[in-house]
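J.: One structure coming up, written as structure tokens, with questions to follow.
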Protein chains: 2
Amino acid sequence: MVYDVVIIGGGPAGLTAGIYAKRAMLDAVLLEGKGVGGQIIVTDLVENFPGFLEISGAELAAKFEEHAQKFGLEFRNMVDVTAIDDKGDTKLVKTTEGDIETKAVIIASGTTPRKLGVKGELEFTGRGVSYCATCDGFFFRDKVAVVVGGGDSAITEAIFLTKMVKKVYVIHRRDELRAEKINQEKAFANPKIKFVCDSVVEEIAGSNVVEKVILRKVSTDEISELKTDGVFIYVGLDPNTGFTDVEKDDWGFIIASQRMETSAGGIFAAGDCRNTPLRQIATAVGDGAIAAVSAGKYIEELTK
Amino acid sequence: MVYDVVIIGGGPAGLTAGIYAKRAMLDAVLLEGKGVGGQIIVTDLVENFPGFLEISGAELAAKFEEHAQKFGLEFRNMVDVTAIDDKGDTKLVKTTEGDIETKAVIIASGTTPRKLGVKGELEFTGRGVSYCATCDGFFFRDKVAVVVGGGDSAITEAIFLTKMVKKVYVIHRRDELRAEKINQEKAFANPKIKFVCDSVVEEIAGSNVVEKVILRKVSTDEISELKTDGVFIYVGLDPNTGFTDVEKDDWGFIIASQRMETSAGGIFAAGDCRNTPLRQIATAVGDGAIAAVSAGKYIEELTK
């Protein structure tokens, strides 16, 4: 069987692409490596997707999935894509569960939290080092946690952690945060959060579990230690685009047109994995809708 | 007072821009000429905004409005914008209710249904001619209606009309519809809908109210008459952009970058009024979020 569209990734972009593809009566299958929902699954509270005043990321993901299922989207979970073999009018999507032939591909594979790249990070992952406060915060109740980063994820997850931990130190390289102003104000007003600016983590140390971080002040190179039980790392996102050789920017994000076309005919990109100016659920759903409509038009042209 | 952002238009794009602007702690006001909600207010059923399996357009608009209100967005209703006077670092938004000074403007003014431009259209508007089945369909219960057009609006509103009318004729200039396939199939399966393809309306006629339409077959120029009580016109959308002189395409849609920047610094565009490849609620909310974040960055640069 040759599919019309293979959608790679089950976050908001991929699921919306699925809704639109099925409404366009295309034979579509969505491949997901982990659980459906993407990055939003590990988001405690979503307040800025219009129409939902307050909803947990997991709940919103479930609604998106239900919506795609309503229109009969086929799902394959626990499937990792290893390559896309572009044969012109058809593509062979190579996966850990075999090859899938399709006329068009929509890459909505999202991003992965970036590693800090310091000593102790790998060895203490799961023993104090985490990339998901929503998943692991509970293990640190009444303890001390460090959050590394200054963007929205860092600040909102620091606020989330204050529900359970005794104290949160936010370590940020610059003097100014990048997070939405509303999140900054919430964090500044929270007595459990202390900001350590102009500072980077040099090392994560401990015996069996994390016990402290070694900090360096950026402006003075001064070294200090900070005792902590947990280190939550939010220093950016790397695109999950290693399996495709379409044109990308210097950071690996796929370069896509307004119509979500990539450099390869019949391969489209949507959501966080592309070079978008903003990575939000609101933008991902727009991308997904456009990518599916563009894929539909591409297939129509093919068969003319 | 000088606002940070004036948002022109209260549809999904403008309301989402409002949510994001307020979350960025900007002084923002939203101007709306009619009621908040935009085109979706006159949409009977929304099935393709992810997260809401089935919702009326009016209900979804109310949710968006509530969401923007939660973050304190200021609304001014019944205000029409007549011009934007670009004074460089500030803009003067001229309205029917006085001038408003602001650092940035987000144009999310949407579109207006296009007129057919045939004899009888203007004189019978409100007496059988309508651009909104959701608004006026009820007046035609157990009667005959004609829908002109072949896009999504035409087809979904034809389906909607079958709930109340006896018979719906869909008059379409081409042989193929442009509507989403799922909508086409629903319409084809509906015994109350009859398609009259390869045909255009030449005239709308009657004495006091609409009584018939005069049709011309495009391929043969053959003229015929069709008795009907109502004519619902869905032949495209014209952008509401007459008040601004930023760069536009041949149809009047505002040309905007991926960051929603227009040709004028500090003036951004979002949603249906810009040259977007797809006009959907899902794409409008993405545009709105990006426009607000871009406006915030622009204002930050201004004050540096």
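The values are calculated or read from the model by the stated rules, or taken from the named source; none is laboratory data. Worth saying up front: this structure is predicted, and the values here are computed from it rather than measured. Positions of Cβ are generated from backbone atoms using ideal geometry, with glycine treated the same way; all protein chains shown enter the neighbour counts. These accessible areas exclude ligands, DNA and RNA; they are computed on the full protein's heavy atoms, side chains included. Shrake-Rupley method; radii C 1.70, N 1.55, O 1.52, S 1.80 Å.
J.: Checking an interface number: how much accessible area is buried between B and A, summed over both chains, with a 1.4 Å probe, in Å² rounded to 100? If you can, show how the numbers build up before the last one.
T.: Numbers: alone 14820 and 14830 Å², together 25710 Å².
Summed over both sides, the interface buries about 3900 Å².
J.: Starting from the Kirkwood Rh over alpha-carbon pairs, what translational D in µm² s⁻¹ does segment B:1-139 have by Stokes-Einstein at 37 °C and 0.692 mPa s?
T.: Once the numbers are plugged in, D ends up at 199 µm²/s.
J.: Given a 1.4 Å probe, how much area per residue of segment B:258-304 is accessible, in Å²?
T.: On the way: 1570 Å² over 47 residues.
So segment B:258-304 comes to 33 Å² accessible per residue, rounded to a whole number.
J.: Any chance you could check segment A:1-20 for residues losing 50 Å² or more of accessible area when the partner protein chains are in, compared with the chain on its own (1.4 Å probe)?
T.: A:TYR20
J.: Using only the alpha-carbon atoms, how far is helix B:12-23 inclined from the longest principal axis of chain B? Give it as 0 to 90 degrees, nearest 10.
T.: It works out to around 20 degrees.
J.: Shifting gears a bit: Using helices alone, what [θ] at 222 nm do you get for chain B, with -39,500 (n - 2.57) per DSSP H run of 4 or more residues, divided over all residues and rounded to the nearest 500?
T.: Rounded to the nearest 500, it is -7000 deg cm²/dmol.
J.: Rg to Rh ratio, segment A:115-233, alpha-carbon atoms and Kirkwood radius?
T.: Rounded to two decimals, Rg over Rh is 0.93.
J.: Quick check: the angle from helix A:281-302's long axis to the longest principal axis of chain A, C-alpha only, nearest 10 degrees?
T.: It is inclined by approximately 20 degrees.
J.: Report, largest value first, the span of the C-alpha coordinates of segment A:60-187 along each principal axis, in whole Å.
T.: Cα spread of segment A:60-187 along its principal axes, largest to smallest: 56, 37, 29 Å.
J.: So, one more: Quick check for you: with a 1.4 Å probe and neighbouring chains kept, what is the accessible area per residue of segment A:115-233, in Å²?
T.: It amounts to 50 Å² per residue over segment A:115-233.
J.: Where does the longest stretch of chain B lie that holds no chymotrypsin sites (Phe, Trp or Tyr not before Pro) found in a DSSP loop with 16 or fewer other Cβ atoms within 10 Å?
T.: Working: sites that count: B:PHE243, B:TRP251.
Answer - B:1-242.
J.: Nearest the rotation axis from B to A, which residue of chain B has its beta carbon, and at what whole-angstrom distance?
T.: Closest to the axis: B:GLY286, 1.
J.: Follow-up question, since we're still on this one. Taking the Cα atoms only, what angle lies between the long axis of helix A:57-70 and the longest principal axis of chain A, rounded to 10 degrees?
T.: Compared with the principal axis, the helix lies near 10 degrees.
J.: A follow-up question, please. With a ≥ b ≥ c taken as the square roots of the eigenvalues of the C-alpha gyration tensor of segment B:1-50, please select rounded if a/c is under 1.5 and otherwise prolate if a/b is larger than b/c or oblate if it is not? Please list the in-between numbers first.
T.: Values: a/c = 4.91, a/b = 1.81, b/c = 2.71.
Here segment B:1-50 falls in the oblate category.
J.: Using Cα-Cα distances under 8 Å and only pairs 6 or more residues apart, what relative contact order does chain B have, in percent?
T.: So the answer I get is 21 percent.
J.: First compute the accessible area of chain B with a 1.4 Å probe, then give the percent of it belonging to carbon and sulfur atoms.
T.: The computed percentage sits at 49.
J.: Further question on the same structure: With no solvent and one point per C-alpha, what does the Debye sum give as log10 I(q)/I(0) for segment B:250-304 at q = 0.25 Å⁻¹?
T.: Rounded to two decimals, the profile gives -0.94.
J.: A further question on this structure: What are the residues of segment A:265-304 that lose 40 Å² or more of accessible area, with a 1.4 Å probe, going from their chain alone to all protein chains?
T.: A:PRO277, A:LEU278, A:ALA282, A:ILE290
J.: If each label sits 7 angstrom from Cα along the C-beta direction, how far apart, in nm, is A:THR125 from its counterparts in the other copies?
T.: Copy-to-copy label distances at A:THR125, shortest first: 6.3 nm.
J.: Given a cut-off of 19 Å, name the pairs among B:LYS63/B:LYS94; B:LYS63/B:LYS297; A:LYS143/A:LYS227 whose C-alpha atoms lie farther apart than that in the structure shown.
T.: From the list (B:LYS63/B:LYS94; B:LYS63/B:LYS297; A:LYS143/A:LYS227), the Cα-Cα distance tops 19 Å for B:LYS63/B:LYS94; B:LYS63/B:LYS297.
J.: Please report the accessible area of A:ARG174 (heavy atoms, 1.4 Å probe, ligands and nucleic acids excluded) in Å², nearest 10.
T.: For A:ARG174, the solvent-accessible surface is approximately 130 Å².
J.: Quick one: compute a quarter of the convex hull surface over the Cα atoms of chain B and quote it in nm².
T.: 16.4
J.: Okay, moving on. Just checking the protein assembly as shown: which Cys have no other cysteine's beta-carbon under 4.7 Å?
T.: Lone cysteines by the Cβ rule: A:CYS197, A:CYS273, B:CYS197, B:CYS273.
J.: Using a Gaussian network for chain A with springs between C-alpha atoms less than 10 Å apart, which of these wobbles most: A:ILE41, A:ILE214, A:ILE281?
T.: Highest fluctuation among the options: A:ILE214.
J.: Continuing with the same structure: Given 20 Å bins starting at zero, what is the percent of C-alpha pairs of the protein assembly as shown in each, up to the one with the largest pair distance?
T.: 19, 48, 28, 5, 0
J.: Same structure again: Most fluctuating residue of B:GLY120, B:GLY51, B:GLY37 in a GNM of chain B with Cα springs under 10 Å: which is it?
T.: Sorting by GNM fluctuation, first place goes to B:GLY51.
J.: How much accessible area per residue does segment B:1-75 have, counting only protein heavy atoms and a probe of 1.4 Å, in square angstrom?
T.: 31
J.: Which of the residues in segment B:158-188 lose at least 20 Å² of accessible area when you go from the chain alone to all protein chains together (probe 1.4 Å)?
T.: Residues meeting the cut-off: B:GLU180, B:LYS181, B:ILE182, B:GLU185.
J.: Taking every pair of alpha-carbon atoms in segment B:191-304, what share in percent sits in each 10 Å bin, from 0 to the bin with the longest distance?
T.: Result returned by the calculation: 12, 28, 19, 20, 15, 5, 1.
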